[in-house]
Amino acid sequence: MIEVAGYVLDLSDPVTLIALIAAGFAAVILILIIVAWRAAARSARATEPLVAQLGALGSAVQSLNEGQHALGGGLKSVSEAQANAQLQMVQTMEARLAQVQQQMSDTLHANALKSANSLSDMQTRLNEVLSGNSEKTAKSLTQLQERLATIDKAQTNIEKLSGDVLSLQDILSNKQTRGAFGEIQLADIVSKALPAGSYAMQATLGNGKRADCLIQLPNPPGPIVIDSKFPLEAYEKLRAAEAQADLTLAAREMRTAVRAHIKAISEKYIIDGETADGALMFLPSEAVYAELHANFPEVVREGFAARVWIVSPTTCMATLNTMRAVLKDARMREQTGAIRKTLGLLHRDVELVLTRVGKLETHFNQARQDIDDITVAAERAGKRAVKLDNFDFEELEREPAPTLTGPATAAE
């Protein structure tokens with residue numbers, strides 16, 4: 001780009017370039033003319049050949065002017081062709097731009113429709129999800145209410161159970177109520193293991209002492225006493241002891257309490273000629289029973305020596321089942337005489353049946369013989385009837401007379 005006297009010349013434009021070249025040629029020619037004219041002014045008539053050359057040069061300049069005019073027409077044609085080409089290019093670009101714009105419009109419209117459909121589907125799915133979430137939330141709330149109701153019910157049961165536990169603790173804290181608790185548990189176990197007439201609760205012995213339970217076993221061994229004892233205080237101290245001194249003191253109290261119970265049972269409930277030579281001490285707690293056998297075996301052996309056997313609810317049930325077998329065996333022995341008498345009568349009845357069967361067999365044999373004789377007589381009567389049916393007047397062959405006995409002869 002060149003700016004000359006306010007005009008901007010584009011050197012990349014062919015028309016401008018050609019015009020500049022033509023102007024350059026014209027300037028050169030003008031300079032040459034001026035030079036020649038000056039030279040001609042100094043020596044006008046000196047150089048005629050130069051005049052001729054100047055004439056030729058003028059002709060050339062004229063030809064150059066004509067060429068310049070032709071070049072100007074060509075440049076105009078080129079400019080017009082370029083303008084037409086640019087116009088066609090602009091039109092083509094506008095057409096393509098319109099086509100692209102139309103395609104973009106169609107694409108935008110399709111995208112808008114697709115987006116609208118997607119939004120509609122998304123809204124539908126969102127509504128479904130929200131509806132499902134609402135249903136799930138309602139269901140979850142319903143289940144939560146049911147669980148809360150269950151928890152409330154469980155809380156009520158827990159409160160009731162807490163009250164029952166407190167009541168049980170109150171019962172176990174008192175010696176009299178604790179004794180009643182052991183007696184009730186003992187009565188429940190005995191009633192489940194033995195028949196009603198084989199035991200007595202709170203039975204009074206000959207020495208005036210009252211036993212918690214008296215099992216009516218046959219001699220030997222005889223009636224045996226079960227007494228309920230519950231050394232709870234000593235056991236709780238033993239469980240709560242942490243220091244070695246406290247543990248030793250609690251163990252001593254445990255031994256003392258159990259030994260006192262063993263001595264009382266041995267003196268009160270073992271009576272010669274009235275009860276068995278032993279008795280049972282019932283501990284209502286499996287934990288106390290296990291502690292006693294695990295850590296105080298010498299006390300258990302002292303009970304064996306005093307003929308007092310310590311039992312828990314589990315071992316008491318097993319012992320009572322053994323006693324039930326003994327009672328069943330004793331009752332079976334008591335019924336042995338009646339069984340033998342019944343067996344004798346049954347043997348006599350069997351002998352009578354055998355005798356009568358023999359007589360019946362004799363009658364059957366006699367009846368069988370009579371039937372055979374009747375059959376023979378019937379066959380003979382049939383043969384004679386056949387002969388008479390022939391109406392033959394010839395003398396019938398004489399047949400020997402039949403020999404029948406009993407009813408058969410009379411019938412013939």
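So here's what we get for this one:
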{"quantity": "Residue check for Thr156: modelled with pLDDT under 75 and either outside the structural domain of Ala330 (by TED's automatic domain parsing) or aromatic (Phe, Trp, Tyr) (or both)", "calculated": "yes"}
{"quantity": "Residues within region 275-315 that are surrounded by 14 or more Cβ atoms within 10 Å (Cβ to Cβ) and over 23 Å from Arg239 (Cβ atoms), tallied", "calculated": "9"}
{"quantity": "In region 269-283, the residues that are farther than 15 Å from Gln216 by Cβ and assigned to a loop (DSSP other than H, G, I, E, B)", "calculated": "Ile270, Asp272, Gly273, Asp277, Gly278, Leu283"}
{"quantity": "Residue under evaluation Glu236, criteria (1) over 17 Å from Ser285 (Cβ atoms); (2) surrounded by fewer than 16 Cβ atoms within 10 Å (Cβ to Cβ), criterion not met", "calculated": "(1)"}
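The values are calculated or read from the model by the stated rules, or taken from the named source; none is laboratory data. All of these numbers come straight from a predicted model, not from anything done at the bench. Backbone-built Cβ (ideal geometry, glycine too); neighbour counts: all protein chains shown.
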